[in-house]
Every structure is written in C-alpha cells, then in structure tokens.
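Visitor: My questions will all concern the structure given below.
The values are calculated or read from the model by the stated rules, or taken from the named source; none is laboratory data. Since the model is a prediction, treat every value here as computed from it, not as a measurement. As a convention, Cβ positions derive from the backbone with ideal geometry for all residues, glycine included, and neighbour counts pool all protein chains shown. Please note that ligands, DNA and RNA were not included when accessible areas were found on the heavy atoms of the full protein model with its side chains. Shrake-Rupley method; radii C 1.70, N 1.55, O 1.52, S 1.80 Å.
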Amino acid sequence: TPPAQLRNFCIIAHIDHGKSTLADRMLQITGVVSDRDMRAQYLDRMDIERERGITIKSQAVRMPWATDAGTFALNMIDTPGHVDFTYEVSRSLAACEGAILLVDAAQGIEAQTLANLYLALENDLEIIPVLNKIDLPAADPEKYAAELANLIGGDPADVLKVSGKTGIGVEELLDRIVERIPAPKGDADAPARAMIFDSVYDAYRGVVTYVRMIDGKLEPRERIQMMSTRAAHDLLEIGVSSPEPVPTKGLGVGEVGYLITGVKDVRQSKVGDTITNHRKPATDALAGYTDPKPMVFSGIYPIDGSDYAVLREALDKLKLSDASLQYEPETSVALGFGFRCGFLGLLHLEIITERLSREFDLDLITTAPSVTYTVTTDTNETVTVTNPSEYPDGRVAEVSEPVVKVGILLPKDYVGTVMELCQSRRGTLLGMDYLSEDRVELRYNMPLGEIVFDFFDHLKSKTQGYASLDYEPAGSQTADLVKVDILLQGEKVDAFSSIVHREKAYAYGTLMTERLRKLIPRQQFEVPIQAAIGARIIARENISAIRKDVLAKCYGGDISRKRKLLEKQKEGKKRMKMVGRVEVPQEAFIAALSGD
Ligand code: GDP
Ligand code: MG
C-alpha cells in the first residue's frame, strides 16, 4: 500500500473510558472481524487482560476503510491506559501520526487523559478529540465537549460524539481519521529502516517482532540486520495483523506489520532497535526508546522451595515480552531462595505475580514493595538500596528517596479530604486548578514510597471512586528515614525489614509484631517479637511457652492413629523455617506479609 493510502493512529484515554470497546467496533465496522467471531475486547489477548478489563500490552491491527477518496489502510494501535504502562504507550505513539483522544462523556477528562495527551503532543501527533459513551443516560456531551475544546483548543462543535458500545458515530470517526491524520512520510528508495515497537514470544512461531517501516522495504526471504548488534537473520515470514496474522509480499514506507525470523530469543529482537536490509544496510539507526526504569522492588519467593527453577524459567519467559521486568536471585532467612524483582509500578507487580501463578502454576509470596533509596554513609560512600536488608545499618549519614509529581483529578467536594490524605503521606501542594466548575486538578510533590503502599486504594475509597491519579518521576529528596527490623528471639527476620519515615516507624513496628504474635504458634519456650531501629527496641510482643506434645492426647491406645499424627507432624516440619531456635510455619510469614 502506498503511503498516501495509509493512516497510522492510536487511541489514548483514561482507563475504562472505552478504548478497547471502540477498537472492537472499528474491527467490526471495517469488516476485519465478522459479527460471528466478535467477542468483547477482541484485542486483549491475555486472560488477565480480559478478566480485569484492562489492556496491558499494545496491539496493532490493520483495517481497510473505503471513502470517497479511495480505500485506505488504517493501522490502529491499542494502548494501555494505566500509569504503570506509560512506557508501552509512548512506544505505540512513536509508531503513529495521529491519536484519538477518547473521553468518557459521563466522566470528562481524567488524570491519565492529561498524561497521555502530553505524551502524544511530545510526539507531534495530530489529535482527534472524541467523546465516547454518548448512549449513557448520564452522558453530558455538551459540557465535556467544552472541557475538551478548552484543553486542546478548537471549537466544541468539532468534538466527535460516539458510542463504542452501540457504534453511533464510529463511521464518521473513521472518515475523520482519513481526513485529519497525515499520511506517513519516508524514502521508498533508501535502505530499509524499520522501528521495532514490540516483540513477543509465541510458543509455535518463535519470536514475533512488530515493526513500523520508516524508509525502504522489507521482503520475505531476504536477509535482515539488527542495527544495534549487526546480527543477521533470514526473514521467514512478513505480514500484517488483521487482526490474525496475514503474510504479505513485504512492507513498505509507513506500513505497520510483523516479521518472523525463527529466532527463539526475544533479546535478539530488541524493542527500539532498527531493522535494515543485510545487503544494503542503512547508515543511521532510528532514535530508539529509552529503557524504562523500575520504580518498585519486591522479593518474589516460591512457597514450595522446589519450585525455584520453575520460577526462574517463568521469569525468563515473561522478560521476553516485557523488557521492563528486572530480577536477580536473592535469599531470605524467612522465605528461602527467590528473586529480587523490579517493576514499573504496583499494578505491574500485581500483574506479573498473577501471570506467574496463572500461566506457570506457581504459588508465590511477595515481600512488601520498596522504592530505590540512595544512602550516603559516614565514610561518604553512596549505596543504592532497593532491598531494606542492604541498608548500611549504623553507617548512615544521609538518605534520599525518590519523589514524584502527582496529579489528582477529583470533584471539588472531595478536595479537603484528599488534601488531608496527601498531607498525611508527606505531600507538598504544588497547585490547584479548576478544569470546570466542579472538577479540580490537585498537584502534589510526594515521596514515591508513600504512594506504592496503599495510596491509590485510600484515594479511591475517600472519594467514592471519583478521583483519578497519575504521577511522573520528579527527582529525589533527603528525608528522615529509618530502617525498622523485626526480630524473633533476637534474630532479624529479613523479609520484614522496612525503610520508613521516622514518624511512621512505631506504627509499622507495632503492626508487624502484633500480626506475628497472632500467627506464630507457641513454642516450648517464650519467644519475644520485637521491632527495632538499629539497637533500639521500639515495640515488643511475647508468645508464651507451651509444651507441645501431640502424642500425649492419644492416651497410649491407638497405634495407627499415633503413627498418622507423627507422619503429619513430619510433613509439617518440611514447611517450617528456623529463625534461630524458633520454628515458624512458612504460612505464618506469608500471612503476616500479605496482611491476611
Ligand atoms: P478501556 O479501559 O479504555 O479499554 O475501556 P473498555 O473498552 O474496557 O470499557 C470500559 C467499560 O465501559 C466497559 O464496561 C465497557 O462495556 C463500557 N463501555 C465502553 N464503551 C461504552 C459505550 O460507548 N457506552 C457504554 N454505555 N458503555 C461503554
Ligand atoms: Mg482496554
């Protein structure tokens, strides 16, 4: 397809504003998915995406669209809406010339609408403002059209009004895409340059690489070269997703498609790399993407120690399609062998652990999430701490923590409550704006460590679900932070150490010692549970002694019953962890960490 007949666009929106549903209708109206094969959220392939109704991975799909000016090929890239996946969003944006800015006509602009809009503007995309869900009785298209026009400039009358659910307005929107979004530009005669924007591992086909062609042409069976590594591969198949893979005779300027080389390792097909022809390679690679930096760290341990190798393999596999996932081996007194993992955010953490347990059938425990602290020691060394157990106890001169700029959109009635919440999380108010008469944007600087715990849950419950949140890194600040250790009979239990603000140390200490007292079974001796900052004890609980003798209950009679009890006790022992002389069932640690 000549570039003049191509349009590459994405849909950007706050989560739940209806991207996936609108994408469904477009697939149906353009005829690439028949009514019979249609199912909701067609492009959300992962089980976990369908169940939670969120998009995690970007998807690209090609659709034909006939207008008075001829037939066009529209490449749509569905993007995730959640803050954690901004990285995925920006990759998709770089493959497009335009973006549909989709806003729920009953909700108006939300925090991620703004965040994604700014990303699109940074990428010089043509923006098409669209209000969705106009079929809803609560929809107020006039009000929100004004809000949108006010935000991006232009006339409220030009804001398209659609329903992804019923299909109203979707044909007009497809026409508008052809009209308004520029055709891709590139040099058809130059050596090929194709930007890799996604790369996934498929059990049957090996690595499938998704590309956006900038210059030149790629054809089946030719030899291609990765510009970063100079590695060469033979193209076994090249084609477009529509939405099932359809092999083609090649991809030219501006086209979006996939290629298969038979490579088994996704690392050889690195997102952001440029692919060129082997025989006549291009001289300059395209500007790549910066690798995302993990913001949240947590230890992941198999509950059954013999699953360690499976866990390692599973992480290797997930890493193939998710470059932002990081991990390295770690051991813990309480939890055994596991991995220290780095995530983009809490939802990312949750999704990875859920995929591990679901797709690889693993029972896992994760330690409390931590951010990256930079510690300067009394000898002026700098130590980066992503795991509280690496904290240089007793040698700390100064600690700094990551800070984020938080944007919260909410109805004005909740401003007081939310300000209180932010204050309690050590937030500094940066500003407050009215988006419309009753909706407000609050901007705060806040330590990331205060957000990763349960900030979002609190925000939602305090505003009855009406507030939305987005954040971006904003450097770091020094703070009065301390490490709180939890001790069982004087022995540190590493998985419970936490770096917290000094004012919150006592609360953390009491919470954890109380939880553990309730969960750890009595031993034959008294066991103190303490919380400490360095050598100073800040909280204490006691588990009193008991003489535990299961056989005593049997009164000598029934031998087989005795044997069974002994077997059972042996079985239980396997899952016991020793902390000093104290025997703790692993379940107790797990329950204390998960707060059940
Ligand atoms: P996404 O998170 O932006 O991909 O949003 P989804 O497409 O998953 O939609 C979120 C919810 O809104 C789902 O329950 C949809 O059924 C619903 N929804 C989406 N579009 C419409 C619409 O046009 N009208 C109505 N009434 N509901 C919609
Ligand atoms: Mg979606």
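Visitor: Pairs only if they're at least six apart or on different chains, beta carbon under 8 angstrom, first in region 408-428 and without any contact (Cβ under 8 Å) to a residue 60 or more places away in the chain, second part of a helix (DSSP H, G or I) and open to solvent by 30 Å² or more (accessible area, probe 1.4 Å); list them, first residue then second.
Guide: Pairs found: 414/462; 417/462; 418/462; 421/458; 421/462.
Visitor: Scan region 490-526 residue by residue and report those that are open to solvent by less than 30 Å² (accessible area, probe 1.4 Å) and either aliphatic (A, V, I, L, M) or more than 32 Å from the chain's Cα centre (by Cα) (or both).
Guide: Within region 490-526, 493, 495, 499, 500, 505, 512, 516, 520, 523 meet the criteria.
Visitor: To continue, here is another question. What are the residue pairs meeting all of these: first residue in region 118-132, first residue touching a residue at least 60 places away in the same chain (Cβ under 8 Å), second residue polar (S, T, N, Q), Cβ atoms under 9 Å, and 6 or more apart or on different chains?
Guide: Listed pairs, sorted by first residue: 119/86; 119/90; 132/21; 132/163.
Visitor: Okay, next question. What are the residues in region 455-469 that are open to solvent by less than 60 Å² (accessible area, probe 1.4 Å) and under 16 Å from the mean Cα position of the chain (by Cα), if any?
Guide: 469
Visitor: Do we have any residue at all in region 278-290 that's under 28 Å from the mean Cα position of the chain (by Cα), of a type outside the set (Lys, Arg) and open to solvent by less than 10 Å² (accessible area, probe 1.4 Å)?
Guide: Scanning region 278-290, I find no residue that is under 28 Å from the mean Cα position of the chain (by Cα), of a type outside the set (Lys, Arg) and open to solvent by less than 10 Å² (accessible area, probe 1.4 Å), so the answer is no.
Here's the yes/no breakdown for (1) at pLDDT 95 or above; (2) buried (at least 16 other Cβ atoms within 10 Å of the Cβ); (3) of a type in the set (A, V, I, L, M, F, W, C):
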site: 159; (1), (2), (3): yes, yes, yes
site: 164; (1), (2), (3): yes, yes, no
site: 199; (1), (2), (3): no, yes, no
site: 216; (1), (2), (3): yes, yes, no
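Visitor: Output the qualifying pairs, or none if there are none: Cβ atoms under 6 angstrom, residues six or more apart or on different chains, first residue in region 453-479 and touching a residue at least 60 places away in the same chain (Cβ under 8 Å) and more than 17 Å from residue 116 (Cα to Cα), second residue among the acidic types (Asp, Glu) and open to solvent by less than 40 Å² (accessible area, probe 1.4 Å).
Guide: Short answer, once both residue conditions are applied: 479/401.
Visitor: For region 126-140, indicate whether the set of residues that are surrounded by fewer than 20 Cβ atoms within 10 Å (Cβ to Cβ), at pLDDT 95 or above, among the charged types (D, E, K, R) and part of a helix (DSSP H, G or I) is non-empty.
Guide: no
Visitor: Can you go through 324, 228, 241, 332 and tell me which one is among the polar types (S, T, N, Q), open to solvent by less than 10 Å² (accessible area, probe 1.4 Å) and modelled with pLDDT under 95?
Guide: 324
Visitor: For residues that are touching a residue at least 24 places away in the same chain (Cβ under 8 Å) and of a type in the set (Asp, Glu), scanning just region 145-164, find the one that is nearest to residue 13 (Cα to Cα).
Guide: 147
Visitor: Whether any residue in region 527-544 is open to solvent by 40 Å² or more (accessible area, probe 1.4 Å), of a type in the set (Gly, Ala, Ser) and touching a residue at least 12 places away in the same chain (Cβ under 8 Å) is what I want to check.
Guide: yes
Visitor: Here is a further query. Can you find a residue that is out of contact with any Ser or Thr (no Cβ under 9 Å at 6 or more places or on another chain) and buried (at least 19 other Cβ atoms within 10 Å of the Cβ) anywhere in region 396-414?
Guide: yes
Visitor: Can you tell which of 126, 97, 122, 110 is farther than 27 Å from residue 406 by Cα, among the acidic types (Asp, Glu) and under 30 Å from the mean Cα position of the chain (by Cα)?
Guide: The unique qualifying residue is 97.
Visitor: Return the pairs, sorted by first residue and then second, in which the second residue is part of a loop (DSSP other than H, G, I, E, B) and among the polar types (S, T, N, Q), the first residue lies in region 28-41 and is closer than 16 Å to residue 73 by Cβ and away from ligand 1 (no atom under 16 Å from the Cβ), the beta carbons are less than 9 Å apart, and the residues are 6+ apart or on different chains.
Guide: That search, which allows pairs on different chains as well, returns 32/242.
Visitor: Now for a separate question. Counting residues that are of a type in the set (A, V, I, L, M, F, W, C) and in contact with a strand residue (DSSP E or B) (Cβ under 9 Å, 6 or more places away or on another chain), which strands (runs of 3 or more DSSP E) fully inside region 431-506 reach at least 3?
Guide: In region 431-506, the matching strands (runs of 3 or more DSSP E) lie at 439-447, 481-488.
Visitor: Continuing with the same structure: Kindly evaluate residue 211 against the criterion of being crowded, with 21+ Cβ neighbours inside 10 Å, in contact with a helix residue (DSSP H, G or I) (Cβ under 8 Å, 6 or more places away or on another chain), within 15 Å of residue 282 (Cβ to Cβ) and modelled with pLDDT of 85 or more.
Guide: Answer is no for this residue.
Visitor: Further question on the same structure: Looking at (1) within 28 Å of residue 292 (Cα to Cα); (2) touching a strand residue (DSSP E or B) at 6+ places or on another chain (Cβ under 6 Å); (3) open to solvent by 10 Å² or more (accessible area, probe 1.4 Å); (4) not aromatic (Phe, Trp, Tyr), which is the one condition that is false for residue 257?
Guide: Condition not satisfied by residue 257: (3).
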